[in-house]
Amino acid sequence: MRRVPLFDLSPIHDDLHDQFLDACNAIIRSGNFILGHTVEAFERSMAQSLGCKFTLGVSSGSDALLLALMALDVQKGDEILCPSFTFFATASCVARLGATPVWVDVCAEDFGIDVEDAERKVSSKTKAIISVHLFGQCCDCQAVQSFAQKHKLWIVEDVAQAQGAQYNQRQAGSWGTIGAFSFFPTKNLGGFGDGGLVATNDVDLAEKARCLRVHGATRKYEHTYLGGNFRMDSLQAALLNVKLPHVNDYIRQRRRNAQFYQQQLGSLEHFITLPKELPHRYHTWNQYTIRVHQGQRNALQSFLEEHGVESAVYYPKTLDLQACMQNVSTDKGIATHVAHTLANEVLSLPIFPGLTLEQLEYTCVTMRKFFTQQ
Ligand SMILES: Cc1ncc(COP(=O)(O)O)c(C=O)c1O
């Protein structure tokens with residue numbers, strides 16, 4: 001039996017192995033392990049690639065989101081519009097600050113926040129909207145921007161899954177007031193452990209975030225804000241500096257894999273909905289997430305597993321239904337129906353860079369076998 005992993009870093013890491021070791025050796029010899037010029041060099045490269053004025057390397061994507069909201073002074077009494085179909089960290093950062101996540105539905109086509117539903121849930125307490133670019137494609141950035149301008153809201157972009165994605169040829173993370181990135185190993189630019197970044201064009205926000213990253217200190221032992229330890233390690237930055245020049249190539253490989261699925265699985269459109277790259281967008285395919293109809297998702301996943309093909313459900317339970325969110329969030333009496341449907345239907349297939357043609361073909365053959373034996 002063949003085996004197709006959901007994710008494997010060895011095809012892209014093997015080529016860079018010696019450079020990784022050189023980068024680590026340089027940091028070990030330098031004796032500087034936190035922030036410093038290696039992190040600054042990474043921040044400069046990221047700022048350039050994003051077209052953003054200010055970037056700050058931080059400890060994780062979750063911390064990037066928390067730091068972004070702290071820099072915006074989000075606090076108890078504030079409402080933040082947030083999709084209910086996303087990774088937990090998108091909304092937990094809101095609740096951790098004592099503010100209220102207000103659940104907004106998502107669009108089935110791009111999994112992004114549904115501005116029409118946001119329109120029903122915005123109030124005088126709303127301070128910001130969190131736009132998540134889920135699975136590697138931008139949400140409708142134009143619609144989010146018009147909505148935010150109309151209601152005078154900040155936009156916090158959750159770019160954890162979509163580094164390199166574009167909307168109208170503008171980079172994800174450069175549309176909002178502030179963007180949060182993750183370098184969790186499976187992301188488009190995967191690090192070696194946890195890491196993240198915030199990006200903004202607002203000088204005051206950048207300066208405040210810079211202080212908050214080091215316990216809110218404006219000078220050593222002068223704590224102006226109640227910050228935290230959100231610092232990026234130099235080793236992390238050194239290794240990311242090696243990978244960053246290759247990220248566009250990794251994305252091109254993901255795009256080729258998506259195109260293959262598109263061609264090979266088209267005949268199954270009666271049973272499944274394939275994800276699409278929508279007009280004006282450049283999809284980075286961090287995940288290739290299909291929707292499986294007629295309650296067949298779990299059976300398909302088991303069949304794939306029995307045949308050696310790994311897959312995953314991102315996400316089986318929406319955030320409005322999570323136990324810890326029951327007393328701290330609201331959907332304002334309007335359930336997020338599309339999000340709930342997606343949680344029952346989605347299945348992500350292997351798409352990582354370095355996936356071989358043979359593995360792709362085998363995955364498609366196994367998919368077709370499942371549906372033709374019905
Ligand atoms: C949409 C989204 N937001 C936030 C995060 C949090 O990033 P991290 O794991 O680096 O803390 C993730 C990571 O999985 C994510 O997918």
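The values are calculated or read from the model by the stated rules, or taken from the named source; none is laboratory data. What you are looking at is a predicted structure, and each value in this text was computed from that prediction instead of being measured. Methodologically, a virtual Cβ is constructed for each residue, glycine included, from the backbone with ideal geometry; neighbour enumeration extends over all protein chains shown. Heads up: the accessible areas ignore ligands, DNA and RNA and are worked out on the full protein's heavy atoms, side chains in. Shrake-Rupley method; radii C 1.70, N 1.55, O 1.52, S 1.80 Å.
Observations, loosely collected:
- Entry comment: accessible area of the stretch 247-372 is 45 Å² per residue, from protein heavy atoms only and a probe of 1.4 Å.
- Figure legend: label point modelled 7 angstrom from the Cα of Gln19 along Cα→Cβ; residues of the stretch 45-64 with amide N under 20 Å from it are 45-50.
- Rounded to whole numbers, the Karplus 3J(HN,Hα) couplings from phi for the stretch 139-151 are 6, 6, 4, 5, 5, 5, 5, 4, 4, 5, 5, 4, 9 Hz, using 6.51 cos²θ - 1.76 cosθ + 1.60 with θ = phi - 60°, and x at Gly and Pro.
- ³J(HN,Hα), Karplus 6.51/-1.76/1.60, whole Hz, each residue of the stretch 210-216, x for Gly, Pro: 4, 5, 4, 4, 10, 6, x
- Converting phi to 3J(HN,Hα) with the Karplus coefficients 6.51, -1.76 and 1.60 and the offset θ = phi - 60°, the stretch 248-256 yields 5, 5, 4, 5, 4, 5, 4, 5, 5 Hz in sequence order, with x at every glycine or proline.
- Relative contact order (percent, whole number), the chain, Cα cutoff 8 Å, 6+ residue spacing: 23
- Computed with every protein chain present, the accessible area of Lys332 is close to 70 Å² [probe 1.4 Å].
- Whichever lysines have a C-alpha closer than 16 Å to that of Lys220, once near sequence neighbours (fewer than 8 apart) are set aside: Lys208
- Put simply, the amide H of His280, placed in the peptide plane, has no neighbours under 5 Å, leaving out anything fewer than 5 places away on its chain.
- For the chain, with +1 on Lys and Arg beta carbons and -1 on Asp and Glu, the positive-most of Val313, Val242, Thr372 along the dipole: Val242
- Only the Cβ atoms of Lys and Arg (+1) and of Asp and Glu (-1) were treated as charged; on that basis the dipole of the chain about its Cα centre amounts to roughly 400 debye.
- Listed residue pairs exceeding 32 Å between alpha carbons, taken from Lys187/Lys369; Lys53/Lys243; Lys53/Lys332; Lys53/Lys317; Lys332/Lys369; Lys127/Lys243: Lys53/Lys332; Lys53/Lys317; Lys332/Lys369; Lys127/Lys243
- Rounded percent of accessible protein surface that carbon and sulfur make up, the chain, 1.4 Å probe: 50
- Gain in span if fully extended, His215 to His280, counting 0.36 nm per residue against the direct Cα distance: 19.4 nm
- Amide H contacts under 5 Å for Leu6: Glu310, restricted to partners 5 or more places along the chain or on a different chain, H placed in the peptide plane at 1.01 Å from N.
- Cβ charges +1 (Lys, Arg) and -1 (Asp, Glu), total dipole of the stretch 247-372, debye: 320
- Comparing Gln263, Ala323, Thr289 along the charge dipole axis of the stretch 203-361, the residue lying farthest to the positive side is Ala323, per the Cβ-charge model.
- Distant-in-sequence amide H partners of Ile34 (H built 1.01 Å from N, under 5 Å): Ser234
- Radius of gyration (Cα atoms) of the chain, expressed as a multiple of 2.2 N^0.38 Å: 0.99.
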